[in-house]
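The values are calculated or read from the model by the stated rules, or taken from the named source; none is laboratory data. Bear in mind the structure is a predicted one, so any value in this text is a computation, not a measurement. Glycine also receives a Cβ, built like all others from the backbone with ideal geometry; neighbour counts cover every protein chain displayed. Surface areas here come from the heavy atoms of the whole protein model, side chains and all, with no ligands, DNA or RNA. Shrake-Rupley method; radii C 1.70, N 1.55, O 1.52, S 1.80 Å.
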Amino acid sequence: MKLVVPFLLAVLEIIVLYRILDYPAFLITTGLMIAYILPPAGKETVIPAGILLGIPWWVIVSAIVMIDVETALFMNWNFDLALKVPYLGRIMEEFIGKARVFIREEPRLVRLYFLGIVVLVMSPVMGSGGIRGSIIGQLIGMEKPAIFAAVLAGSLLGCLLIAFGTLLFRELFLRSIVAGTVVVLVIIAAVAVIWLLRIRRKKDLKK
């Protein structure tokens, strides 16, 4: 049951989407869901893409949150089993390697345990937050119910923030292209500064 339930939930999700969406919207949504599971796409990419392609915000948010729920359940229940599957095991080892690097580079965030996993899953990172959050949670010794709750909270909060941010930017551009462009440029500049500071911090840790 632990192996089958996550896949049953995924099938149920696909059936519900097929029933509530027209066929073109269904294809777009399922395509974005697949892109979310396979890096380099993340929720910061697929949610805005879905909204701008005409998918209702609550549909794409629900779809991505459910993927995080399904992957978190699978990882929490079948972590050791997944490592033994030939192709999947290699992917899992790559995820574990990246998780160990994250733990080494972000010790303060990891020490927060539950809140740290929530923040991690909320953050725009490549691939499913359910997979990354579950791996890091298990590596730092969290209980499985706590990991699942943290993934669910982080996924829901992160997806809602991205969705509402996208709706806000779309409204800004519709009202004034200049205002929308200025806001986007400010955000890009802020992200660039954070990225540069992060690179500098990594270099300092390696010294």
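Structural remarks
- Cross-chain or 6+ apart pairs with Cβ under 8 Å, segment 157-170 first and part of a helix (DSSP H, G or I), then among the polar types (S, T, N, Q): 158/123
- Flag if residue 27 is open to solvent by 30 Å² or more (accessible area, probe 1.4 Å), within 24 Å of residue 122 (Cβ to Cβ) and not aromatic (Phe, Trp, Tyr): no
Matching residues to (1) modelled with pLDDT under 80; (2) open to solvent by 90 Å² or more (accessible area, probe 1.4 Å); (3) out of contact with any Ser or Thr (no Cβ under 6 Å at 6 or more places or on another chain):
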residue	(1), (2), (3)
88	yes, no, yes
98	yes, yes, yes
102	yes, no, yes
105	yes, no, yes
110	yes, no, yes
115	no, yes, yes
124	yes, no, yes
128	yes, no, no
147	no, no, no
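- Every test in (1) part of a helix (DSSP H, G or I); (2) touching a residue at least 40 places away in the same chain (Cβ under 8 Å) is passed by residue 41 save one, and that test is (1).
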